[in-house]
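Worksheet: one structure, shown below.
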Amino acid sequence: MSLATQDFDFLRDLVIAGPGIVLEPDRQHVVEARLAQLALHEGFDSVSHLIQGVRKNPPAQLQRKLLDVITNNETWFFRDTQQFETLRKFVLPELITARQASRKLVVWSAACSTGQEPYSIAMLVREHFPELQSWNFQIIATDYSSTALQRAQLGKYSRFEVNRGMPAILLAKYFLRDGLDWQLRPEIRGMIEFRPINLTQPSANIPRSDIVWLRNVLIYFDRGTRHELLQRIRFALTDDALMVLGAAENISDLQIGLKPLQINNTCWYRPC
């Protein structure tokens, strides 16, 4: 049974007020499928009854679970491999050279979901830049979803998840079998600092960063929210920092003090 219009409108308002994501009508079937599992888990006999329960007497924990389910987006290891190749061949070498005096470098994974993106960066660094182990090197990973962050901190993935993008040599080197799952080794998990952040809130504690991964995030926001968020990120970037978006994302229509750079057939942005 499809969601009633008033129920979907309620969800849209709730999501805009929370993480600031715009739910388009063509996403309704995805939302329904995700909420059906939550309704079953929470003891409701339908998605409509789940929404009615949240509307009439919204317990904060249930509302948070509902938002987590709706906003939890798909991810996988080494997604968009060309961007990771550019990070390895060009971006990190340039910034390591520029930071020889301070020996400090901060990478921010701005919407890390269940952790595959920051862990991919960590494995790349461990494989190719061992000198950073003696630096003040940080990978900060943030997300709105507390459920996603908990999974990310655990660093445990199913066979299906590690089969999506994970090279076999890295799987053998950096993971341990745990029943049917795969657990990242402590030395990789320890490279990441996870933090909860709602990117759309002006009070969000955006870290000062040298490299920012803001991939496949802006597509869920309206133009005004994109502009405000990018302005706040711009002021948190170091002067020669580099930021990468999703391969299909473009911010050329926004005047935010960032210039595009084509590096190894991938588009990055730097303060100007």
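Selection of the stretch 152-170 for residues being closer than 23 Å to Phe137 by Cα and surrounded by fewer than 17 Cβ atoms within 10 Å (Cβ to Cβ) yields Gln153, Leu154. For Ile206, the conditions (1) in a loop (DSSP other than H, G, I, E, B); (2) surrounded by fewer than 16 Cβ atoms within 10 Å (Cβ to Cβ) all hold with the exception of (2).
Only one of the numbered conditions (1) in contact with a helix residue (DSSP H, G or I) (Cβ under 7 Å, 6 or more places away or on another chain); (2) in a helix (DSSP H, G or I) is violated by Thr225, and that is (1).
Considering Arg151, Arg88, the condition of being charged (D, E, K, R) and under 20 Å from Val212 (Cβ atoms) is satisfied by Arg88 alone. I need every pair where a residue in the stretch 91-119 that is in contact (Cβ under 8 Å) with a residue 12 or more places away in the chain and under 21 Å from Trp135 (Cβ atoms) has its Cβ under 9 Å from the Cβ of a residue that is assigned to a helix (DSSP H, G or I) and among the hydroxyl-bearing types (Ser, Thr, Tyr), sequence separation at least 6 or different chains. Pairs found: Arg103/Ser134; Tyr119/Tyr174. Of the residues making up the stretch 62-70, at least one is surrounded by fewer than 17 Cβ atoms within 10 Å (Cβ to Cβ) and free of Cβ contacts under 8 Å to residues at least 24 places away in the same chain. Only a single item in (1) outside the structural domain of Lys156 (by TED's automatic domain parsing); (2) loosely packed, with under 14 Cβ neighbours inside 10 Å is not met by Ser102, and it is number (1). Where helices (runs of 4 or more DSSP H) fall wholly inside the stretch 114-173, the ranges with 1 or more residues that are within 17 Å of Ile197 (Cβ to Cβ) and touching a strand residue (DSSP E or B) at 6+ places or on another chain (Cβ under 6 Å) are 116-128, 146-154. Among the residues making up the stretch 227-236, those that are within 18 Å of the chain's Cα centre (by Cα) and hydrophobic (A, V, I, L, M, F, W, C) are Leu229, Leu230, Ile233, Ala236. Cβ separations smaller than 7 Å between residues 6+ apart or across chains give the following pairs from the stretch 38-57 residues that are more than 17 Å from Asp68 (Cα to Cα) to residues that are surrounded by fewer than 18 Cβ atoms within 10 Å (Cβ to Cβ) and of a type in the set (A, V, I, L, M, F, W, C): Ser48/Ala4. For the stretch 108-128, state whether one or more residues are surrounded by fewer than 17 Cβ atoms within 10 Å (Cβ to Cβ), modelled with pLDDT of 95 or more, β-branched (Val, Ile, Thr) and more than 18 Å from the chain's Cα centre (by Cα). Looking through the stretch 108-128, none of the residues is surrounded by fewer than 17 Cβ atoms within 10 Å (Cβ to Cβ), modelled with pLDDT of 95 or more, β-branched (Val, Ile, Thr) and more than 18 Å from the chain's Cα centre (by Cα).
The values are calculated or read from the model by the stated rules, or taken from the named source; none is laboratory data. Keep in mind it's a predicted model, so treat the numbers as computed, not measured. So basically every Cβ, Gly included, is an ideal-geometry build from the backbone, and we count neighbours across all protein chains shown.
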